[in-house]
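The values are calculated or read from the model by the stated rules, or taken from the named source; none is laboratory data. Just so it is clear, the structure is predicted and the values come from calculations on it, not from any experiment. Cβ coordinates were reconstructed from backbone atoms using ideal geometry, including for glycine residues, and neighbour counts include every protein chain displayed.
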Amino acid sequence: MGRRAEALADRIEKGAAELAAFAEGLSEKDWQTPGTSGNDRRPVGVLVHHVASMYPIEIGVVQVVASGKPVTDVTWDAVAGINSKHASDNAGVTKAAALDLLRKNSREAAAAVRKMTDEELDSAAPFSLSYGAPMTAQFVIEDHPLRHPWHHLTRIRKTLGR
C-alpha cells in the first residue's frame with residue numbers, strides 16, 4: 001500500500017466517522033427533518049443513508065478511471081434519478097440501519113482505496129461528471145467518496161441550525 005492511497009483512505013474514514021458521530025446524536029425529529037438546502041428536501045436520515053449507499057458506486061467509478069477507461073454514463077441526470085429512487089425506497093430508514101451501512105461501506109471503500117497503486121491513482125480518463133475532461137482516479141476519489149460525507153454533513157448542520 002502506498003502512502004497516498006493510505007492518506008486518501010484515512011480521509012474517507014474520517015469523513016464517514018464525522019457524519020456518523022453527528023448523526024448518532026440526532027433525535028428522531030432531527031432524523032425526519034426535511035432538508036432545506038436548495039431544492040433538496042430529502043430527510044436528514046435519508047441523506048445519511050444516501051451517503052452510505054453511494055460508496056460502492058463511487059468506488060466502482062474510481063476503479064474504472066484507475067483502469068484508464070472512460071466513464072461516459074454517469075451524468076447529473078442519472079445522479080438525480082439515483083437520488084430520487086433512493087429517497088423513495090428508503091424513506092423510513094432507521095438510524096441504526098443507516099449508521100451500520102455507513103460504517104460498513106466506508107470501511108470497504110477505504111480498503112479498496114488502500115489497495116490502489118500510485119500508478120492507478122495517477123491514471124486519467126474522460127469522466128462524464130466533469131464534462132468529459134480527463135480526471136485522475138485520485139481526483140475522483142477526492143471529489144466523490146471522500147468529499148461526499150463532508151458535503152452532506154455541512155448541509156445537514158445548516159438544515160438543523162447546528
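Hey, could you check the range 131-162 for residues that are of a type in the set (S, T, N, Q) and at pLDDT 95 or above and say which is farthest from P56 (Cα to Cα)? First the steps, then the outcome.
Kept after step one, since they are of a type in the set (S, T, N, Q), are these residues of the range 131-162: 136, 138, 154, 159.
Still in the list and also at pLDDT 95 or above: 136, 138.
On the way: T136: 18, Q138: 16 Å.
Across the range 131-162, the extreme among qualifying residues is T136.
Using the structure shown, decide if K158 is within 28 Å of A21 (Cβ to Cβ), exposed (fewer than 15 other Cβ atoms within 10 Å of the Cβ) and touching a residue at least 40 places away in the same chain (Cβ under 8 Å).
Values: within 28 Å of A21 (Cβ to Cβ): yes; exposed (fewer than 15 other Cβ atoms within 10 Å of the Cβ): yes; touching a residue at least 40 places away in the same chain (Cβ under 8 Å): yes.
Yes.
Which of the residues belonging to the range 89-121 are among the charged types (D, E, K, R) and more than 21 Å from A21 (Cβ to Cβ)? Don't jump to the end; show me each part of the working.
Initial filter on the range 89-121 (among the charged types (D, E, K, R)): 89, 95, 100, 103-104, 107-108, 114-115, 118-120.
D89, R114, K115, D118, E119, E120, listed by residue number.
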message: So A91 passes all but one of these: (1) modelled with pLDDT under 95; (2) assigned to a helix (DSSP H, G or I). Which condition number does it fail?
response: (2)
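Answer with yes or no whether A111 is in contact (Cβ under 8 Å) with a residue 60 or more places away in the chain, out of contact with any helix residue (DSSP H, G or I) (no Cβ under 6 Å at 6 or more places or on another chain), of a type in the set (A, V, I, L, M, F, W, C) and in a helix (DSSP H, G or I). Write out each step before concluding.
On the way: in contact (Cβ under 8 Å) with a residue 60 or more places away in the chain: yes; out of contact with any helix residue (DSSP H, G or I) (no Cβ under 6 Å at 6 or more places or on another chain): yes; of a type in the set (A, V, I, L, M, F, W, C): yes; in a helix (DSSP H, G or I): yes.
When the stated conditions are applied, A111 passes them.
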- prompt: Residues in the range 99-134 that are buried (at least 21 other Cβ atoms within 10 Å of the Cβ) and under 15 Å from T72 (Cα atoms): how many?
  reply: 1
task: Can you work out which of the residues in the range 4-27 that are touching a residue at least 60 places away in the same chain (Cβ under 8 Å) and either among the charged types (D, E, K, R) or not in a helix (DSSP H, G or I) (or both) is farthest from V46 (Cα to Cα)?
output: R4
- request: Working only within the range 1-35, note down all residues that are loosely packed, with under 14 Cβ neighbours inside 10 Å and under 14 Å from K158 (Cα atoms).
  value: P34
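Pick out the one residue from K69, K104, K85 that is closer than 17 Å to H148 by Cα, among the charged types (D, E, K, R) and either in a helix (DSSP H, G or I) or over 17 Å from the mean Cα position of the chain (by Cα) (or both).
On the way: K69 fails: closer than 17 Å to H148 by Cα; K85 fails: closer than 17 Å to H148 by Cα.
Answer to the selection: K104.
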- request: Just one of (1) surrounded by fewer than 19 Cβ atoms within 10 Å (Cβ to Cβ); (2) among the aliphatic types (A, V, I, L, M); (3) in contact with a Gly (Cβ under 6 Å, 6 or more places away or on another chain) trips up A78, so point out which.
  value: (3)
Matching residues in the range 28-44 - criterion: being part of a helix (DSSP H, G or I) and touching a Leu at 6+ places or on another chain (Cβ under 8 Å): D30, V44
query: Which members of the range 118-136 meet the condition of being in contact with a strand residue (DSSP E or B) (Cβ under 8 Å, 6 or more places away or on another chain) and part of a helix (DSSP H, G or I)?
result: L121, D122, S128, L129
